[in-house]
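Asks: My questions all concern the structure below.
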Amino acid sequence: MMEAARFFTSRKVIRAPVLNALGAQPMRVVFARAWLRARKALMRRPDMLQIARDVQQHGFGTINDFLPAAELVALREQCGGAMAGPDPRAGLLQHGPTARYGLNVDAAADSVPLAQAFCSRPDLLDLLSYLEGKRIQPALVNRVVERVIQGDGPALDPETELHSDTYYSTHKIWLYLTDVTMDCAPMVFVPDSQRLDGRLLAGMYRHSRRCFTEGLAMSRRVPRSEVEERGLQEKIMVVPANTLLVANTFGYHRRVRGIPGKDRLAIHMSVRSQPFLFWTSATPQAM
Ligand SMILES: O=C(O)CCC(=O)C(=O)O
Ligand SMILES: [Fe+2]
């Protein structure tokens, strides 16, 4: 019973070597995907149907010129101002030399009301709900103004390593407020890497077994050989400001190492729900 309960958690890997040896991890991957499909079949289709299809088929989708130009300018000014300091309420995640600030749009609604309004758009919540196959409550979405600043030095930014966030489909949205050039560490996504096949499942199996012996709690790092063997190729998300990017971060992704001092600014929404339930948990922890 205990063992079965562990199978159905949102933990990245089950801490039970026997279960892992028996292939519990690839089994969870297959079950979680099948269950997501079944839930989605019960959902109303979202208004943003084309990008929903792109994410379903290729693991990601983009929309250029998402907002009217004047709205983008106002949003960028407000968010840029709040992050310039940055606002002391912004949380800092230091990834090696890279500083990632996230200002919660609800906690800082007084300084970034436009960002809060953006994150409350019903069309975006409907899109997230459809992709997750369950009604996503706004309070359970991690909604931040995100500034990623490139630092100096030899340390590794772990997010520059190709990885898959967890063992089930999980979705993130960015609206880039500034142009994303090579210098400011664009995201890289491997189209179609979210599809299930034998090589992916074998990689998940090996990772789950190593996790226990090597004490790894991290998202699975994906070897280059796995990308090549699957016939896949990276796509670098160099995109102009005002691009909306939606990704299933079960798919392989990373960010490029940029030039020290360069940064990018975005509004970011993410959700990490319980894969086997019809509802989301109250822990919007989603790296
Ligand atoms: O900085 C990025 O674009 C991607 C970071 C990442 O790996 C993630 O958000 O899951
Ligand atoms: Fe990630």
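The values are calculated or read from the model by the stated rules, or taken from the named source; none is laboratory data. These numbers come from a predicted model, not from an experiment. Reconstructed Cβ throughout: ideal geometry from the backbone, glycine too, with neighbour counts over all protein chains shown.
Asks: When residues of segment 141-182 are filtered for being basic (K, R) and either part of a loop (DSSP other than H, G, I, E, B) or in contact with a Phe, Trp or Tyr (Cβ under 8 Å, 6 or more places away or on another chain) (or both), how many remain?
Replies: Residues in segment 141-182 being basic (K, R) and either part of a loop (DSSP other than H, G, I, E, B) or in contact with a Phe, Trp or Tyr (Cβ under 8 Å, 6 or more places away or on another chain) (or both): 1 in total.
Asks: For the list (1) farther than 22 Å from R11 by Cα; (2) at pLDDT below 95, I need the number of the one condition that A282 fails.
Replies: (1)
Asks: Now for a different question. If you go through segment 9-34, how many residues are more than 12 Å from Y205 (Cβ to Cβ) and at pLDDT 95 or above?
Replies: Matching residues across segment 9-34 total 4.
Asks: Of all residues in segment 249-265, how many are in a strand (DSSP E or B) and either surrounded by fewer than 13 Cβ atoms within 10 Å (Cβ to Cβ) or within 11 Å of ligand 1 (Cβ to nearest atom) (or both)?
Replies: Residues in segment 249-265 being in a strand (DSSP E or B) and either surrounded by fewer than 13 Cβ atoms within 10 Å (Cβ to Cβ) or within 11 Å of ligand 1 (Cβ to nearest atom) (or both): 4 in total.
Asks: If you don't mind, there's one more thing I want to ask. Only residues in segment 134-161 that are closer than 26 Å to P88 by Cβ count as the first member; pair them with residues that are of a type in the set (F, W, Y) and surrounded by fewer than 18 Cβ atoms within 10 Å (Cβ to Cβ), Cβ under 9 angstrom, at least 6 apart or cross-chain, and list the lot.
Replies: Partner pairs satisfying both residue conditions: L140/W279.
Asks: Taking segment 221-262 as the search range and keeping residues that are hydroxyl-bearing (S, T, Y) and within 16 Å of ligand 2 (Cβ to nearest atom), which one is farthest from S169 (Cα to Cα)?
Replies: This residue is Y252.
Yes/no per residue for (1) within 11 Å of ligand 1 (Cβ to nearest atom); (2) over 13 Å from the mean Cα position of the chain (by Cα); (3) among the hydroxyl-bearing types (S, T, Y); (4) closer than 27 Å to E229 by Cα:
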position: P138; (1), (2), (3), (4): no, yes, no, no
position: E159; (1), (2), (3), (4): yes, no, no, yes
position: H163; (1), (2), (3), (4): yes, no, no, yes
position: I173; (1), (2), (3), (4): yes, no, no, no
position: Y176; (1), (2), (3), (4): yes, yes, yes, no
position: M182; (1), (2), (3), (4): no, yes, no, yes
position: F189; (1), (2), (3), (4): yes, no, no, yes
position: S193; (1), (2), (3), (4): no, yes, yes, yes
position: R206; (1), (2), (3), (4): no, yes, no, yes
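Asks: Going through A109, A117 one at a time, which residue ends up being assigned to a helix (DSSP H, G or I), within 17 Å of A266 (Cα to Cα), free of Cβ contacts under 8 Å to residues at least 12 places away in the same chain and not basic (K, R)? Break it down stepwise before answering.
Replies: Values: A109 fails: assigned to a helix (DSSP H, G or I).
So the residue among A109, A117 that is assigned to a helix (DSSP H, G or I), within 17 Å of A266 (Cα to Cα), free of Cβ contacts under 8 Å to residues at least 12 places away in the same chain and not basic (K, R) is A117.
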